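The values are calculated or read from the model by the stated rules, or taken from the named source; none is laboratory data. Note that the structure is predicted; figures quoted are calculated from it, not measured. Virtual Cβ from ideal backbone geometry, glycine too; neighbours counted across all protein chains shown. Protein only, heavy atoms only, side chains kept; ligands, DNA and RNA dropped before computing areas. Shrake-Rupley method; radii C 1.70, N 1.55, O 1.52, S 1.80 Å.
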Amino acid sequence: MSRAATFIRTARNAPCGDDLGRKTWYDPPVRLSFLAAAVAVVLVLLPGIAGGSQLAPLSVPRELHVVSYYPRDAGWTAMWTKWDPARVASDLDHAVAVDANTVRAIVQPDTFGYPHVSPVYASRLSQFVTLAAARGLHVQLTLFDWWYSWYDRRGSQTWARELLAPYAHDARIAFIELRNEILPKQETTAWATEMIPFVRRLVPGTPLTLSVAGPNLLGKLATLKRQLGAVRPDFYDIHYFGLGGESAFATFARAKQIVAPTPLWVGETGYPTLVNGSGFGGVPRTRAGQEVAQTQFLSTVAWAAHANGLAPIGVWQLGDLDPDAVPDRLVDPEEPELHYGLFRADGSAKPAAETVRSIFGGSVPTSFNNGFEDSLDGVPARWEMAGDGIWFAVDHSVAATGAASGEIAGAGTASYSIVPPNGGVRSGTRISASVFARRAAPGGSVSIVLEWHDRAGRLLGRETSPPLAAVGAWSQLAASGTAPRKGAYVRIDLVAHGLTAPVWFDDVVFSRS
């Protein structure tokens, strides 16, 4: 079962726990024209046409641009039992729109027939591969999902042989994930040590991986490598979900060390756009607010992968899901796993779709509304806000440059804060940050603060600028420092302490060396 840890933080620095939830897809009904429908049928019936057989092999994982996929109303096993090739064909156009080159198909043995594969389901998988290839998309084929018969080696090999027989030397299959999110223990890794070389003989030249996920991700990865012994996948695959992605840089750096010299890939990551929870304390819990938070998360994780020399992240997932898409239980409409999509229920793109297109195009966004120009419901987008009884707003009447600033007004202590997408650090990383600030009257203090945190989010130390001295004029505040031992990321805080009159912030600059 494809399950990801969804972390919900209700307030900044509040304790949080792990909520293991599945991950999924949702897109609107599509009516094809007669001609389009006819083309879709032809593509289904004639594997390899429309350029499918012309796909060149990818260098895996380096060249991967992967999105996971389920139809809006048919997740997991239902994708195959409620097979709708016209829907799939239309949905895959969304994958092309975000510049993906690979789409993930997850296969469950008990649905496809075990140990002998049903010709009906083998045909449906063939249709999926053909529909993807017709759009220039390779397929990541994930095997043995929702399956736990680890001691049945003969059945496992029979099923794999029958399923994979049509795909030997087939460039349309980018790679094979032998098991999604395997839990490393004696019986699972003993099974994997036999199946890895067996599957390699079935599909020679097709790269093979295993993935791990959830709490204690690094511990699971180390255990998997140790227990596999001399047997190695072509690369290891980790699935990363958590808060605002702040710990991604440090997590990936450690994971890369664990599996070296075998390559590492981040095969799943994503953020649910909920209205009843958030990975960012102090970001508006509206759909629009959390959709912008999704872009912040994906930018952060994508930068962390890039900065560690890894391939582009694999995205969970292409579109949102209906509650009815979950085949094995009833779920609430605000279930996190329904809302990871890059596309909404009506088929329109969330802001994250453009972010992923940029990432897959080779340009990882690192901006974070530095000039407070972008607003949501009147407050600065992306920025976390903290302070009781305080007024936060994007003020279009006051700006150092551009057309707006971030205002804080009221009585008390308040702050805007953010971890920039490129805010991951290691011990010794030098960080500098500055902001233009203005206050309407004397009283209290205004400063910019850098907070150092470890991978678990614990505060390690602070660097604070001299307080703002001027009144009624813009002045620049600056802070800098070197990440301490165990430092994993840095947070920027724009602080108004003992506030008695409005304060404005503008033009934040963040740099690292």
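Observations
- Residues (out of contact with any strand residue (DSSP E or B) (no Cβ under 7 Å at 6 or more places or on another chain) and either of a type in the set (G, A, S) or under 10 Å from L163 (Cα atoms) (or both)) located in region 100-113: P109, F112, G113
- Flag for F368 being in a strand (DSSP E or B), hydrophobic (A, V, I, L, M, F, W, C) and either within 24 Å of the chain's Cα centre (by Cα) or buried (at least 19 other Cβ atoms within 10 Å of the Cβ) (or both): no
- Qualifying residue in region 457-476 (condition: open to solvent by less than 10 Å² (accessible area, probe 1.4 Å), assigned to a strand (DSSP E or B), in contact with a strand residue (DSSP E or B) (Cβ under 6 Å, 6 or more places away or on another chain) and in contact (Cβ under 8 Å) with a residue 40 or more places away in the chain): no
- Region 399-430, residues that are over 27 Å from F297 (Cα atoms) and open to solvent by less than 20 Å² (accessible area, probe 1.4 Å): A409
- Residue match in region 433-444 (condition: basic (K, R) and part of a loop (DSSP other than H, G, I, E, B)): no
- Test: residue in region 252-261 that is in contact with a Phe, Trp or Tyr (Cβ under 7 Å, 6 or more places away or on another chain), more than 19 Å from V212 (Cβ to Cβ) and at pLDDT 95 or above: no
- Matching residues, region 69-99, being of a type in the set (G, A, S), open to solvent by 10 Å² or more (accessible area, probe 1.4 Å) and touching a strand residue (DSSP E or B) at 6+ places or on another chain (Cβ under 9 Å): A97
- Hey, A433 open to solvent by less than 40 Å² (accessible area, probe 1.4 Å), under 26 Å from T295 (Cα atoms), in contact with a strand residue (DSSP E or B) (Cβ under 8 Å, 6 or more places away or on another chain) and of a type in the set (A, V, I, L, M) or not: yes
- Residues of region 324-357 that turn out to be surrounded by fewer than 17 Cβ atoms within 10 Å (Cβ to Cβ) and either acidic (D, E) or without any contact (Cβ under 8 Å) to a residue 40 or more places away in the chain (or both), as a count: 10
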